[in-house]
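Asker: Here it is: the structure, laid out below.
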Amino acid sequence: MKRVAIIGGGAAGCTAACAAAENGAQVTVFERQDKCARKIHATGNGRCNLTNLRQFREAYHTQADVECADRFHALWDGQASDAVMAFFDSEGVLLHDRAGYVYPRTDKAETIAETLLKRMRRSGVHCVPDTRICSAAYEENQFLLQTNTGIQPFDRLIIACGGKVSRAFGCTGDGAALAKSFGLACVPEVPALVPLLTDDPAIKAAKGVRTTAQVRIGDICETGEVQFTENSISGIPVFQLSAVAARQLLSGRQTAAVISFLPEYNSRQALAIFHRHEQLCYEDPDATLHALFDGIVPSGIASYIIRRNGFSDEKKIRNLDDRECVCRKLLCGLLHTEIGITGTAGFERAQVTSGGVSLLEITENYEAVRRKGLFLAGEVLDLDGICGGYNLTFAMYSGMRAGRSAALT
């Protein structure tokens, strides 16, 4: 019977443990927290969006070449979400989906966490909580794990201890460090699905606003609800692009988010709308610049655009020296506002890590090419998904494949 060690008791580690044990291995899971599956309780705002019925190539990001990325996606497409749902269905967990976003019917993340723990217990998995793996080595055909209680030998090793997100759940980047000790190449890690920071002083005017907008960073665009604080932008469109921004910043490049506050209108339609408002306001002797935006965008966005262009909200339109020029500037602000990005809100506020062990370092069975018997799964790998259950899908599906492979190869 193969002795399989799994470092990390999150989604990837738990599914890997079940798969390995159910394929005849003697499995031990080492977890830094006092209990496995802790982080799952916080996923999906406590509701656990565990997978998505719509699996597509663009939902996942990696720094590996396109051929490598496509090779791995071919394994998930049509299989990953089905495998994840079948796992929980076999445990009697009822699921439901909202436009393809799959949740437990209870809408409680604890349902998924407790189901994993029960399956592990039933499969005979041995969990060792409150334990950190200080180092790992391969000697005399076995893996030697140095824990805070001593050295333990194993036939197979699965690294599934996540990335750098959520230090409160024990995620400190140990996985990548352990992988490097075995000679595996890693992509620099950056926060993903995270708010982006700006030093634009005018943005304070939009604090607390949520509005539909299109956000573009580089050549990639996302549309949806964008949220503003006094020093950052967030919301799903920003989250989807945050890793792109983080990598640009890491390389020392100037980074900006270009926002259109009227994404559903083309420039000709927007011009007609704004021109009509301009005419209505000009007929009112007391109309201010702020009134130009009434009924178009939230008040805070109007103030933000006005102040960015060096004007006051209370400035009366009839008192403008060059009304046409000013109105043109404000219209341009509606369609194209460039916000300089100075950083991200960091790993503590990120939902996932971008980067990690290169996909080029592993086979389709998640075994390391350079070290047979070593497997990797989940967030420790250089693959991250967009919002919508994709990261949890990858964590659990890669865990299943790594666990089964570790037991059978």
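Asker: R0 = 60 Å: FRET efficiency of Ser90 with Ser267, Cβ-based, nearest 0.05? Mind dumping the intermediate values first?
Answerer: Numbers: r = 54 Å, r/R0 = 0.90.
Step by step, r from the Cβ atoms, then E = 0.65.
Asker: Hey, can you find the accessible area per residue of the chain for me, probe 1.4 Å, expressed in square angstrom? Write out the running numbers ahead of the final one.
Answerer: Numbers: 17820 Å² over 409 residues.
Ligands and nucleic acids excluded, the figure is 44 Å² per residue.
Asker: Still on this model: Roll a 1.4 angstrom probe over the protein heavy atoms and tell me the percent of accessible area of the range 65-190 that is carbon or sulfur. Mind dumping the intermediate values first?
Answerer: Values: 2890 of 6080 Å².
On the range 65-190, the fraction of accessible area on carbon and sulfur atoms equals 48 percent.
Asker: Could you work out how far helix 267-282 tilts from the main Cα principal axis of the chain, as a 0 to 90 degree angle to the nearest 10?
Answerer: 40
Asker: Between Arg3 and Arg98, what length comes free when the chain is fully extended (0.36 nm per residue of separation minus the Cα-Cα distance, one decimal in nm)?
Answerer: Details: separation 95, 0.36 × 95 = 34.20 nm, distance 4.08 nm.
In short, 30.1 nm is gained.
Asker: How much length, in nm to one decimal, is gained on full extension between Ala177 and Ala137, taken as 0.36 nm per residue of separation minus their Cα-Cα distance? Write out the running numbers ahead of the final one.
Answerer: Numbers: separation 40, 0.36 × 40 = 14.40 nm, distance 1.23 nm.
Separation in residues times 0.36 nm, less the Cα-Cα distance, equals 13.2 nm.
Asker: May I ask for the angle, rounded to the nearest 10°, between helix 66-76 and the longest principal axis of the chain, with both axes built from Cα atoms and the value confined to 0 to 90°?
Answerer: With rounding to tens, the tilt is 70 degrees.
Asker: Let me check I've understood the local charge: for Ile203, count other residues with C-beta under 11 angstrom from its C-beta, Lys and Arg +1, Asp and Glu -1. What total comes out?
Answerer: Working: positive: Lys204, Lys207, Arg307, Arg308; negative: Asp199, Asp200, Glu230.
With Lys, Arg at +1 and Asp, Glu at -1, the net is +1.
Asker: Here's another thing I want to ask about it. Place a point 7 Å from Cα of Ser312 in the direction of its Cβ. Which residues in the range 249-293 have their backbone N less than 18 Å from it?
Answerer: Within reach of a label on Ser312: 285-292.
Asker: Dividing the alpha-carbon Rg of the range 332-409 by 2.2 N^0.38 Å yields what?
Answerer: Details: Rg = 17.5 Å, N = 78, 2.2 N^0.38 = 11.5 Å.
Normalised Cα radius of gyration, the range 332-409: 1.52.
Asker: Going by amide H atoms built from the backbone, whose H comes under 5 Å of the H on Thr106, apart from near neighbours?
Answerer: Long-range HN contacts for Thr106: none found.
Asker: For the pair Arg105 and Ser251, how long in nm is the line joining their label points, each one 7 Å along Cα→Cβ?
Answerer: That separation, rounded to one decimal, is 4.9 nm.
Asker: Continuing with this model, one more query. Mind pulling the angle between the C-alpha long axis of helix 109-123 and the longest principal axis of the chain? Nearest 10 degrees, somewhere in 0 to 90.
Answerer: 10
Asker: Residue-wise, which Karplus ³J(HN,Hα) couplings in Hz belong to the range 306-315, taking 6.51 cos²θ - 1.76 cosθ + 1.60, θ = phi - 60°, and x for glycine or proline?
Answerer: Residue by residue, the range 306-315 yields 4, 6, 4, 8, x, 10, 9, 4, 8, 4 Hz.
Asker: For all pairs of alpha-carbon atoms in the chain, what percent lies in each bin of width 10 Å, listed from the first bin to the last filled one?
Answerer: Pair shares across the bins are 5, 22, 26, 19, 13, 8, 5, 2, 0.
Asker: I've got another one for you. Given a 1.4 Å probe and every protein chain left where it sits, what share in percent of the accessible area of the range 232-352 is carbon and sulfur? The partial results should precede the final answer.
Answerer: Values: 2820 of 6000 Å².
Looking at the range 232-352 in its full context, I get 47 percent from C and S.
Asker: On to the next question. For the range 263-314, restrict the atom set to alpha-carbon positions and state the Rg and Dmax in Å.
Answerer: Every Cα atom of the range 263-314 included, Rg and Dmax give 11.2, 31 Å.
Asker: Place +1 on the Cβ of every Lys and Arg and -1 on the Cβ of every Asp and Glu in the range 186-301, take the dipole about the Cα centre, and give the residue among Thr223, Gln240, Ala287 whose Cα lies farthest towards its positive end.
Answerer: Highest projection toward the positive end goes to Gln240.
Asker: Whole angstrom only: what separates the Cα centroid of the range 318-380 from the Cα centroid of the range 191-249?
Answerer: 9
Asker: Could you work out [θ]222 nm for the chain from helices alone, using -39500 (n - 2.57) per DSSP H run of at least four and dividing by all its residues? Round to the nearest 500 deg cm²/dmol. Before the final figure, lay out the partial values.
Answerer: On the way: 10 runs with 128 residues, N = 409.
Here the helix-only value at 222 nm equals -10000 deg cm²/dmol.
Asker: Can you order the peptides 198-209, 129-140 by their average number of other Cβ atoms within 10 Å per residue, highest first?
Answerer: Details: 198-209: 17.2, 129-140: 14.3.
Listed from highest to lowest mean packing, they are 198-209, 129-140.
Asker: Another question about this same structure. Quick check of the Kirkwood formula: for the range 90-139, what is the inverse mean of 1/r over all pairs of different Cα atoms, in Å? Spell out each step's value before the answer.
Answerer: Working: mean 1/r = 0.0726 Å⁻¹.
So the Kirkwood estimate lands at 13.8 Å.
Asker: Follow-up. Quick one: in the range 197-329, what % of C-alpha pairs are over 19 Å apart? Before the final figure, lay out the partial values.
Answerer: Values: 4727 of 8778 pairs.
Summing the P(r) of the range 197-329 above 19 Å gives 54 percent of all pairs.
Asker: Let me confirm the definition first: pairs of Lys residues in the chain, 8 or more apart or on different chains, C-alpha distance under 29 Å. How many are there?
Answerer: 28
The values are calculated or read from the model by the stated rules, or taken from the named source; none is laboratory data. Note that the structure is a prediction, hence the values are computed from the model and not measured. Cβ: placed from backbone, ideal geometry, glycine included. Neighbour counts: every protein chain shown. The area values use the complete protein model at the heavy-atom level, side chains included, leaving out ligands, DNA and RNA. Shrake-Rupley method; radii C 1.70, N 1.55, O 1.52, S 1.80 Å.
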